[in-house]
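The values are calculated or read from the model by the stated rules, or taken from the named source; none is laboratory data. Everything quoted here is computed from the prediction, not taken from an experiment. We place every Cβ from the backbone using ideal geometry, glycine too, and count neighbours over all the protein chains shown. Ligands, DNA and RNA are excluded from the accessible area calculation, which covers all protein heavy atoms including side chains. Shrake-Rupley method; radii C 1.70, N 1.55, O 1.52, S 1.80 Å.
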Amino acid sequence: MISISNGLLPDLGELQGNAEPKSALVSFSYDNNLEEIDSAMKTFQRHFASKRGLFSVISYSLLSVAIVVAIVINIVTGSSVIFSCVALLFCLLGLFYSATDKKRTRNKTIEALKDMDPEEYTCSIFDDKIELETVIRPKSNEVELKIDEKADEEIISPLKSVFLFGTDLLNFDENDEALLLIFNRRQIYCFPKRCLSAEQEDTIRNILTEKLES
């Protein structure tokens, strides 16, 4: 956004700067370990994943049963079962691939995250929005070039995301380990219960349950 002031009209930027900032209903810091991420992905897949995988499992299962019946009939009638056996093998491979697709997806994500340094996050929930910040710290194996010798050794740079209640597609879910904020039914934000006090956990759950779809 570009703010232009010609001296005749009041500077809207200054007026907004004088406005009293809203205070957050609840704010907290957290991090995620691999077990919590895997558990969050399982919960997401159970509630929001596409039904295509289930359809594939059912289809391959029915085809496998039909082919087994055909093989039995061919054996009884003395017909060749080579084609039926090849078709059965294909269906069983498809069934195995479809049944393990969700687990493979989780494993790929976990493997990718294993090589990353742990990140820290902060979350502030307001009456009309949620602000999430990812605090990026230098990696342990990263060579840092400092221009200013007086700068802090632990340079951090936050990346902020803002989600608006009633505008963005948000859902709330929960498992034993964490409270989950789901954006656009594709991206998961995991708030571990170990990082929250009992009061914070209840407050977050009540706010998200009231404002978001489960």
| Being in contact (Cβ under 8 Å) with a residue 60 or more places away in the chain and more than 17 Å from F44 (Cβ to Cβ), is that true of even one residue in segment 185-196? | yes
| Just checking, how many residues over segment 48-77 are touching a residue at least 12 places away in the same chain (Cβ under 8 Å), among the small types (G, A, S) and more than 30 Å from L170 (Cα to Cα)? | 3
| said: I'm checking my understanding of the structure. Among residues of segment 149-180 that are in a strand (DSSP E or B) and surrounded by fewer than 11 Cβ atoms within 10 Å (Cβ to Cβ), which one is modelled with the lowest pLDDT? | reply: S157
| said: Among the residues of segment 191-206, what is the count of those that are assigned to a helix (DSSP H, G or I) and open to solvent by less than 20 Å² (accessible area, probe 1.4 Å)? | reply: 1
| Looking at (1) charged (D, E, K, R); (2) loosely packed, with under 13 Cβ neighbours inside 10 Å; (3) assigned to a strand (DSSP E or B), which is the one condition that is false for E210? | (3)
